[in-house]
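Here's the structure, in structure tokens; my notes come after.
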Ligand code: ASP
Ligand code: CP
């Protein structure tokens, strides 16, 4: 059993988790250590201390989710919080109530924290201005998904010990991916070397992530990589071009048992999920228990979100 880490002074001084930039380096180390500590409870099937007893957590997802929504629910429950998932599809949103009014309504039920997923990139900041509770980003448009980045880092640490000097190839539809946005921000701070691999039309705009190399073929893109992280082709974020976006993609950029041989021997595969099998990744590789960390990422979703909620709501007390 790991020793419970001590929180740094003024942990999560931002009092919110909307961007990786809300975290100090000490916050990041603390959250990752605390995630590992809570992973121990899950692995032993031990009950975790009910550090959030009496707190109310609202999950408000304006976009679909399986992993993030349900692992946040489980995380809050494991720590003893009262957790509610707003059933958006059956809510007064459909009578025309705005997202902000819906969030304010839920906050008025004495919420201590609200986990929000939205299509809009700015909604979380707007909510942070008006809500009396802490705001956590469970996914914002194509911009950020900070708890995904933290759980990915926790999964990588569990396999490699640290991210320092690892070469991580982020492959596929980077342009529409909030996971890529948060992962680049976090992994760079943890000392990893990042590269983007994919066709031009999946690369972010030229003025973004200007320090990350962009490579348009798997041979160079995976060469020397410790990790190949596939991203879903996010058809729902595309307009008319969605129909053609993935044409020929698997043949050129698909992650398979064959193409992963281009990376370092022993390289691992990651993917935030949900996957399009046969589009960005071959099912047999995704299911390969030796090479794939995909279900490990899902596992770390729970203890990492426990760590985030704990840091935000107890402030290490
Ligand atoms: N589930 C992740 C997200 O919500 C990745 C994806 O949907 O492709 O950003
Ligand atoms: N990885 C991720 O965010 O998955 P969901 O969209 O299912 O929450």
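I need a count of the residues in region 153-180 that are within 21 Å of residue 254 (Cα to Cα) and not in a loop (DSSP other than H, G, I, E, B). Residues in region 153-180 being within 21 Å of residue 254 (Cα to Cα) and not in a loop (DSSP other than H, G, I, E, B): 8 in total. Scanning region 135-149 for residues that are touching a strand residue (DSSP E or B) at 6+ places or on another chain (Cβ under 9 Å) and in a helix (DSSP H, G or I) turns up 146, 147, 148. Looking only at region 234-273, which residues are in contact with a helix residue (DSSP H, G or I) (Cβ under 9 Å, 6 or more places away or on another chain), at pLDDT 95 or above, outside any loop (DSSP other than H, G, I, E, B) and surrounded by 17 or more Cβ atoms within 10 Å (Cβ to Cβ)? Answer for region 234-273, where residues must be in contact with a helix residue (DSSP H, G or I) (Cβ under 9 Å, 6 or more places away or on another chain), at pLDDT 95 or above, outside any loop (DSSP other than H, G, I, E, B) and surrounded by 17 or more Cβ atoms within 10 Å (Cβ to Cβ): 253, 255, 259, 260, 262, 268, 269, 270.
If I go through region 213-233 residue by residue, how many of them are surrounded by fewer than 18 Cβ atoms within 10 Å (Cβ to Cβ) and closer than 19 Å to residue 156 by Cβ? Of the residues in region 213-233, 1 are surrounded by fewer than 18 Cβ atoms within 10 Å (Cβ to Cβ) and closer than 19 Å to residue 156 by Cβ. For the structure I just gave you, tell me whether residue 301 is within 14 Å of ligand 1 (Cβ to nearest atom), under 12 Å from the mean Cα position of the chain (by Cα) and surrounded by 24 or more Cβ atoms within 10 Å (Cβ to Cβ). Against the criterion (within 14 Å of ligand 1 (Cβ to nearest atom), under 12 Å from the mean Cα position of the chain (by Cα) and surrounded by 24 or more Cβ atoms within 10 Å (Cβ to Cβ)), residue 301 qualifies. Residues of region 224-233 that are closer than 16 Å to residue 269 by Cβ, part of a loop (DSSP other than H, G, I, E, B) and away from ligand 2 (no atom under 12 Å from the Cβ): 224, 225, 226. If you go through region 38-48 and keep only what is under 23 Å from the mean Cα position of the chain (by Cα) and in a helix (DSSP H, G or I), you end up with 38, 39, 40, 41, 42, 43. Each residue in region 1-21 was checked for being outside any loop (DSSP other than H, G, I, E, B) and either surrounded by fewer than 18 Cβ atoms within 10 Å (Cβ to Cβ) or free of Cβ contacts under 8 Å to residues at least 24 places away in the same chain (or both), and 1 of them qualify.
Exactly one residue out of 54, 96 is surrounded by fewer than 17 Cβ atoms within 10 Å (Cβ to Cβ), over 24 Å from the mean Cα position of the chain (by Cα) and farther than 22 Å from residue 15 by Cα: that is 96.
Within region 274-311, the set of residues being assigned to a helix (DSSP H, G or I), out of contact with any helix residue (DSSP H, G or I) (no Cβ under 7 Å at 6 or more places or on another chain) and under 30 Å from residue 251 (Cα atoms) comprises 283, 284, 295.
Taking the condition surrounded by 20 or more Cβ atoms within 10 Å (Cβ to Cβ), in a helix (DSSP H, G or I), out of contact with any strand residue (DSSP E or B) (no Cβ under 9 Å at 6 or more places or on another chain) and modelled with pLDDT of 95 or more, does residue 26 pass?
no
The values are calculated or read from the model by the stated rules, or taken from the named source; none is laboratory data. Computed from a prediction, not measured in an experiment: that's the story for all the values here. All Cβ positions, glycine included, derive from the backbone under ideal geometry; neighbour counts span all protein chains shown.
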